[in-house]
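Peer 1: Below is a structure I'd like to ask you about.
The values are calculated or read from the model by the stated rules, or taken from the named source; none is laboratory data. Given the structure is predicted, the values throughout are model-derived calculations rather than measurements. Positions of Cβ are generated from backbone atoms using ideal geometry, with glycine treated the same way; all protein chains shown enter the neighbour counts. Ligands, DNA and RNA are stripped out before the accessible areas are found, and what is left, the full protein with its side chains, is counted by its heavy atoms. Shrake-Rupley method; radii C 1.70, N 1.55, O 1.52, S 1.80 Å.
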Amino acid sequence: MKNLKPILQTAKETILLESTAIANLGNLLDSNFEKAVNYILNANGRVIVTGIGKSANIATKIVATLNSTGTPAIFMHAADAIHGDLGNVQENDIVICLSKSGNTPEIKVLVPLIKNYGNKIIAITGNIDSFLGKNADFTLNTFVEKEACPNNLAPTTSTTAQLVMGDALAVCLQDLRGFSSKDFAKYHPGGALGKRLYLRVSDLIKNNEKPEVDIKNSVIKVILEISEKRLGVTAVLENNTLVGIITDGDIRRMLSKTTDINNLLAQDIMGKNPKTIHKDAMAVEALEKLENNKITQILVVDNDNNYVGVVHLHDLIKEGIF
């Protein structure tokens with residue numbers, strides 16, 4: 001029976017091999033990369049990304065990254081392209097073609113057809129002397145010495161290199177377009193990522209109770225307000241002006257000192273100068289304030305510094321922001 005390497009050793013060797021190959025990609029960059037980026041930037045068409053086999057899988061990821069960072073892109077499988085899907089390629093579109101060898105039969109058929117239509121081709125290939133490498137308008141070199149596969153067969157290191165080259169293209173285009181976090185939010189309205197970019201404090205407090213007591217209210221009233229509103233906190237107001245805060249922690253600390261609470265008022269146990277956040281602030285800012293101050297609730301105010309509600313850490317967790 002063949003001697004097997006320890007699992008962790010194999011895993012570490014795989015990671016080291018691939019990371020070394022990726023680090024070397026920087027040495028393979030040349031003016032073709034700059035020309036490719038500028039051509040896509042100034043083109044009026046979309047980016048069509050194509051490949052076959054594992055390269056096709058990487059192509060779909062590159063398409064997703066381009067779309068989410070401001071460069072319109074679609075995926076076209078190389079095999080399907082030569083059986084009817086070539087109609088996806090419109091005038092002014094740019095085609096990025098992924099292939100490790102650059103010599104697969106489908107690529108050899110597809111490349112001349114695309115060039116006949118007058119579209120530019122960007123090759124991402126591990127063999128710049130291949131059919132694809134020589135016939136592309138811009139060739140990006142993703143040569144790797146060895147696959148991580150023990151038999152040097154399964155695409156592993158090579159597909160990782162393709163993916164990183166695609167990321168480099170997308171990020172350069174994003175930077176040149178001045179694609180901001182606000183732009184990013186337009187394309188990511190759902191999920192935790194989108195919420196971090198567009199969800200505001202005012203969105204969080206809509207369904208929350210608004211606990212509040214007067215500074216002269218009894219502590220018993222305070223306890224009832226905190227219990228009924230179920231946010232573990234209440235604002236303290238004086239003539240409708242926010243002057244303090246009382247948390248369930250304040251109640252516990254009070255009870256540890258005395259059980260004679262009949263004559264105590266809100267002003268006796270409240271914390272002064274409570275931490276607040278504006279209702280139009282981003283939800284992620286509320287999270288930062290909670291974390292920085294080691295608190296679980298924060299009072300929300302409007303433009304006139306009027307108390308309008310409470311944000312609880314649980315609200316952020318529920319929305320996937322935490």
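Peer 1: Tally time: how many residues in region 308-322 are at pLDDT 90 or above, in contact with a Lys or Arg (Cβ under 8 Å, 6 or more places away or on another chain) and open to solvent by less than 20 Å² (accessible area, probe 1.4 Å)?
Peer 2: Residues in region 308-322 being at pLDDT 90 or above, in contact with a Lys or Arg (Cβ under 8 Å, 6 or more places away or on another chain) and open to solvent by less than 20 Å² (accessible area, probe 1.4 Å): 2 in total.
Peer 1: Can you tell me which residues in region 203-216 are at pLDDT below 95 and open to solvent by 20 Å² or more (accessible area, probe 1.4 Å)?
Peer 2: D203, I205, K206, N207, N208, E209
Peer 1: Count, please, the residues in region 271-290 that happen to be out of contact with any Leu (no Cβ under 9 Å at 6 or more places or on another chain) and either in a helix (DSSP H, G or I) or open to solvent by less than 30 Å² (accessible area, probe 1.4 Å) (or both).
Peer 2: Going through region 271-290, the residues out of contact with any Leu (no Cβ under 9 Å at 6 or more places or on another chain) turn out to be 271-273, 278-281, 285, 288-289.
With the extra rule that they be either in a helix (DSSP H, G or I) or open to solvent by less than 30 Å² (accessible area, probe 1.4 Å) (or both), the set shrinks to 271, 281, 285, 288-289.
Going through region 271-290 one residue at a time, the tally reaches 5.
Peer 1: Residues that are surrounded by fewer than 19 Cβ atoms within 10 Å (Cβ to Cβ): list the helices (runs of 4 or more DSSP H) wholly contained in region 1-92 that include at least 3 such residues.
Peer 2: Per the criteria, 7-28, 31-42, 54-68.
Peer 1: Sticking with this structure for a sec: If you go through region 127-184, how many residues are at pLDDT 95 or above and of a type in the set (F, W, Y)?
Peer 2: Selection size over region 127-184: 3.
Peer 1: Could you say which residue among V144, V95, V171 is among the aliphatic types (A, V, I, L, M), under 29 Å from the mean Cα position of the chain (by Cα) and open to solvent by 20 Å² or more (accessible area, probe 1.4 Å)?
Peer 2: V171
Peer 1: In addition: So L113 fits all but one of (1) more than 19 Å from T159 (Cβ to Cβ); (2) in contact with a strand residue (DSSP E or B) (Cβ under 7 Å, 6 or more places away or on another chain); (3) not in a loop (DSSP other than H, G, I, E, B); what number is the exception?
Peer 2: Of everything listed in (1) more than 19 Å from T159 (Cβ to Cβ); (2) in contact with a strand residue (DSSP E or B) (Cβ under 7 Å, 6 or more places away or on another chain); (3) not in a loop (DSSP other than H, G, I, E, B), L113 misses just condition (2).
Peer 1: Checking V219 against (1) open to solvent by 50 Å² or more (accessible area, probe 1.4 Å); (2) of a type outside the set (F, W, Y); (3) modelled with pLDDT of 85 or more, only one condition comes out false. Which one?
Peer 2: (1)
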